[in-house]
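The structure appears below as structure tokens.
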Ligand code: GAR
């Protein structure tokens, strides 16, 4: 079986990108990352790609004639490299329709909140300000909306009265690094089926699944 070719879009630090690189290197995930695309020339993700010999394209949105053109260009670059899954690892933009259409249910995003609560930017800060007692992260397929696509895995952490956005973010990030590779692995193993707005996970083995993600442990 051919291994899955992944294209990653990232805007910044790239710790989730690194968690995917590590999952592949350790043999947990059978896939290869064929391309990193970033919208930010200063993203630390670029350095991570360089260290691992991953091709990188820096595509600056304002150099495209329109938002649609920008996402057409991204789709083209992914298609010519025969990418099977597009992974948004801290890509701080709402993905345009040309890309969503070209990779329907083949784009995954990680969001630092328990969707559908607190979509958009600063999910962790929104949760702190709201005063929730439990927060977490969500891996979902990307559709036209803002963090509205079918949910693949979620994981929860406690939120405390004294939490700052940074403190909660750090607690959530540890779980992001666990469930993102897990969701990608399920995709690579062809075990995800989108049914309406839900995702069915096939043949899950409770012993192998993350204890913090009830969808695959129950
Ligand atoms: C992560 O916490 C990710 O969930 C979040 O940005 C951070 C990126 O960190 N993404 C979003 O907020 C998307 N709306 P990283 O660059 O170290 O992976």
Region 102-112, residues that are closer than 19 Å to residue 11 by Cα and either more than 8 Å from the ligand (Cβ to nearest atom) or part of a helix (DSSP H, G or I) (or both): 107, 108
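Given region 134-208, what strands (runs of 3 or more DSSP E) lie entirely inside it while holding 3 or more residues that are under 19 Å from residue 88 (Cβ atoms), touching a strand residue (DSSP E or B) at 6+ places or on another chain (Cβ under 8 Å) and within 16 Å of the ligand (Cβ to nearest atom)? Talk me through it step by step, then tell me what you get.
Values: elements: 134-141, 151-158, 192-195, 198-201.
Of the strands (runs of 3 or more DSSP E) lying wholly inside region 134-208, those with at least 3 residues that are under 19 Å from residue 88 (Cβ atoms), touching a strand residue (DSSP E or B) at 6+ places or on another chain (Cβ under 8 Å) and within 16 Å of the ligand (Cβ to nearest atom) span 134-141, 151-158.
No lab work stands behind these numbers, since they all come straight from the coordinates. Just so it is clear, the structure is predicted and the values come from calculations on it, not from any experiment. Because the Cβ atoms are built from the backbone with ideal geometry, glycine has one as well, and the counts that use them run over all protein chains shown.
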